[in-house]
Amino acid sequence: MQYAFKDGSIVDAVVVTKEGIIPVDSKFSLENYNRILEAQTQAERERYETAFTSDLKTRVDETAKYIKPEEGTLGFAFMFIPSEAVYYDLLINKIGAVKVNTVNLIEYAAGQKKVMVVSPTTFLAYLQTVLQGLKALQIEETAKKIGERVQALGRHIGSYEAYMKKLGSHLGTALNTYNIAYKELAKIDKDVLRITGSSNNMEPMQLDRPQTDEEE
């Protein structure tokens, strides 16, 4: 499935993950590689190898252009080589040994261009490794968020406890004031009894002060 970017460039395929898309380029020509195999002389072989190395570097550079974090890609891309033989030769430096900025092509691709060169058999292994790595990061990030929320909950509980203590203190003060007023009201009732000879039976309920945890 091809994928088009805003600048009009089109990559051969993408792998879609929650963290972003991974571009996959497979526009790879084996023409000069086949010429290497068919070369009759060492001079021909060296000439075609140089041309093929140039093809590889060009393809790596082109693949790197599909790394567009601003458009939702991850920070690397896959360059798919459809031949296990070519991939193996690259790994053992049988071809591609010509230096590019003092490193071989595989190192140049991965180190400088963030392009992972893969073959039919290694592509899935690379992809699984990447996805497992992303999952591990996701788990780590989730754990971090949970930790942050637990800390926030602790702060909120602490604030709640402080406000409840203040409320208890205010309630205690209000209760004391109420009970004092109750006693004064009882005195008023006695005064009324002395003056009129009868009581109004004013008997407000006296409240007990709520116990704190320390008092329990």
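Each value in this text was obtained by applying a stated rule to the coordinates, not by laboratory testing. Everything numeric in this text was worked out from a predicted model, so none of it was measured. Every residue, glycine among them, receives a Cβ derived from its backbone with ideal geometry; neighbour counts consider all protein chains shown.
Worth pointing out:
- Straightening the chain between T129 and A51 buys 24.8 nm, computed as 0.36 nm per residue apart minus the Cα-Cα spacing.
- Charge dipole magnitude, Cβ of K and R +1, D and E -1 - the range 3-121, Cα centre, debye nearest 20: 200 debye
- Dipole in debye (nearest 20) - the range 1-61, about Cα centre, beta carbon charges: Lys, Arg +1; Asp, Glu -1: 120 debye
- Stretch gain in nm, segment T58-K6, where the contour uses 0.36 nm per residue and the Cα spacing is subtracted: 16.5 nm
- Sequence-ordered 3J(HN,Hα) estimates for the range 11-16 from the Karplus curve with 6.51, -1.76 and 1.60 and θ = phi - 60° stand at 9, 5, 7, 9, 9, 9 Hz, glycine and proline given as x.
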